[in-house]
Amino acid sequence: MNRTELESIARAMVAKGKGILAADESSGTIKKRFDTIQLESTEEARRSYRELLFTAPDVANYISGVILYDETIRQKTKSGTPFPEHLAKLGIVPGIKVDMGAKPLAGFPGETITEGLDGLRERLAEYHKLGARFAKWRAVIDIGKDIPSQFAIDANAHALARYGALCQEANIVPIIEPEVLMDGDHSIERCEEVTSATLKAVFEQLHSHRIHLEGMILKPNMVISGKKNTNRAGRQQVAEATVRTLKRYVPSSVPGIAFLSGGQSAAEATEHLSLMNQIGNLPWELTFSYGRALQDEALKAWGGKQDSFAAGQKAFARRARLNGMARNGSYTAQSEQAA
Ligand code: 13P
C-alpha cells in the first residue's frame with residue numbers, strides 16, 4: 001500500500017467545486033433506466049449513453065471522478081479512446097464498481113449481504129491496469145418492521161472493510177458505501193437511528209481491518225424521511241440531521257464524504273448538499289456521488305435519439321454545474337431558474 005498515493009487520489013476525488021458521477025449501473029439497472037425512455041438496452045446504446053455523459057461540454061469543471069461498470073471500463077469513445085483514458089486526459093479519476101450486488105442474507109428474511117469478495121484481489125489488479133484508481137462497494141440496509149438486525153449491519157460492515165483493505169493493498173481508493181434505503185414510510189428519526197448504528201459498525205470494522213482512513217471516501221445516504229412517509233421532514237432538517245450524524249460517527253481523518261442520491265429528485269439532492277455546506281465548519285469535504293440525481297434529466301432530454309445527443313449533454317452539464325455550486329453552499333432553489 002502506498003499511503004501517499006492513496007491520499008492524493010482521495011483528495012482529487014473530493015476536489016473543491018466538483019463531485020463524482022456514478023455511472024456504474026449494472027446491465028440490469030441500466031435496462032430499467034432505458035425502459036423509462038423506451039430504449040432497448042444494447043451494448044452500443046449503453047456505450048453511446050456513457051459517451052454522452054463523459055464528453056459533455058465543461059464536464060471536467062464539475063466532475064472529479066466517474067464510477068464505471070465492468071462493461072463500461074472496457075468500452076471506448078466513438079473515436080477509439082478507451083473511456084478510462086479519455087477521463088484521465090480530462091483530469092477526471094476513473095473508478096470501478098466491484099461488488100457483485102446485494103443478495104438475500106440466509107436466515108434473515110428481508111435483509112441482504114453484498115457479495116463479491118472471492119477473487120477480488122485479482123479483479124482489482126486487472127482494473128488497476130485498465131486505469132481504475134478508485135473502487136466502489138455498496139452495502140444495502142433496509143428499514144422495516146424488525147429490520148435491520150444488528151447481525152446484518154455487522155456482516156455488511158465486515159464485508160465493506162474486507163473490500164476496503166483489498167483496495168488499499170492494490171493502491172485503489174475504496175469508496176465505502178453503506179446505503180440505508182429511503183424506500184419505506186419511516187420517519188427521519190428512525191433513519192437517523194439506523195444510519196448511526198450503521199456508521200458506528202462500519203468505522204469499527206474499518207479500524208479493525210487497519211484501513212488507512214486518509215485514503216478512503218465514505219459514500220453514505222443522507223438522514224432523510226422514507227419516501228412513503230406522508231409527513232416528510234423539510235430540507236433544512238435533513239441537512240442538520242445529516243451533518244449532526246456524520247459528525248458523531250465519521251472521523252475527521254476521512255478526507256471526504258460523497259453522498260448517494262438514493263431516489264431523491266435532482267433538485268432535492270442538490271439543495272440538500274448546498275444546505276449542508278452552508279452549515280459550514282466541517283472536518284471533511286462534503287460532496288456528491290450521485291447516479292440518478294445527476295443523470296435523470298440528461299436521460300430524459302436525450303431520449304435515446306441521436307438528434308437529442310447535444311440536448312442530453314446540456315442537461316447533464318447543467319445539473320453537474322448546479323451540484324458544483326452546492327459544493328460551497330452557493331446553490332439555492334432560485335439557481336434552478338437562473339441556470
Ligand atoms: P444514486 O445516486 O442513484 O442513489 O446512485 C448512487 C450509487 O452509486 C448507488 O450505489
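The values are calculated or read from the model by the stated rules, or taken from the named source; none is laboratory data. All of these numbers come straight from a predicted model, not from anything done at the bench. Cβ coordinates were reconstructed from backbone atoms using ideal geometry, including for glycine residues, and neighbour counts include every protein chain displayed. Heads up: the accessible areas ignore ligands, DNA and RNA and are worked out on the full protein's heavy atoms, side chains in. Shrake-Rupley method; radii C 1.70, N 1.55, O 1.52, S 1.80 Å.
Of note:
- Fully extended contour minus Cα-Cα distance, from residue 204 to residue 7, at 0.36 nm per residue: 68.9 nm
- Averaging Cα coordinates gives a centre for the range 281-339 and one for the range 175-217; these two points are 26 Å apart.
- Only Lys, Arg (+1) and Asp, Glu (-1) charged, at Cβ; the range 32-153 dipole about Cα centre in debye: 360
- Annotation: amide H-H contacts under 5 Å for residue 116 (H modelled 1.01 Å from N, sequence separation of 5 or more, or interchain): 100.
- For the pair residue 26 and residue 333, label points projected 7 Å from Cα toward Cβ lie 3.8 nm apart.
- Relative contact order of the chain, defined on C-alpha pairs under 8 angstrom at six or more residues apart (%): 19
- Signed unit charges on C-beta, dipole axis of the chain, positive-most listed residue 65, 334, 236: 334
- Local electrostatic count, residue 22, Cβ distance below 10 Å [Lys/Arg +1, Asp/Glu -1]: +2
- Computed about the Cα centre, the dipole magnitude for the chain is approximately 720 debye when only Lys and Arg (+1) and Asp and Glu (-1) carry charge, each at its Cβ.
- Cα-based shape type of the range 142-200, given that a ≥ b ≥ c are square roots of the gyration tensor eigenvalues and the cut on a/c is 1.5: prolate
- The range 15-119: Cα Rg divided by the 2.2 N^0.38 Å rule of thumb: 1.22
- Å² per residue, accessible surface of the chain at 1.4 Å: 41
- One Cα centroid belongs to the range 1-48, the other to the range 70-146; the line between them spans 9 Å.
- Apolar share of the accessible surface for the chain: 49 percent from carbon plus sulfur atoms, 1.4 Å probe.
- Cα gyration tensor category, rounded, prolate or oblate, for the chain with a/c compared to 1.5: rounded
- A Cβ-based charge dipole, computed about the Cα centre of the range 158-301 with Lys and Arg at +1 and Asp and Glu at -1, lands at about 120 debye.
- Residue-count net charge about residue 332 - beta-carbon cut-off 12 Å; Lys, Arg +1, Asp, Glu -1: -1
- Calculated FRET efficiency, residue 76 to residue 231, Cβ-Cβ distance, R0 = 51 Å: about 0.55 to the nearest 0.05.
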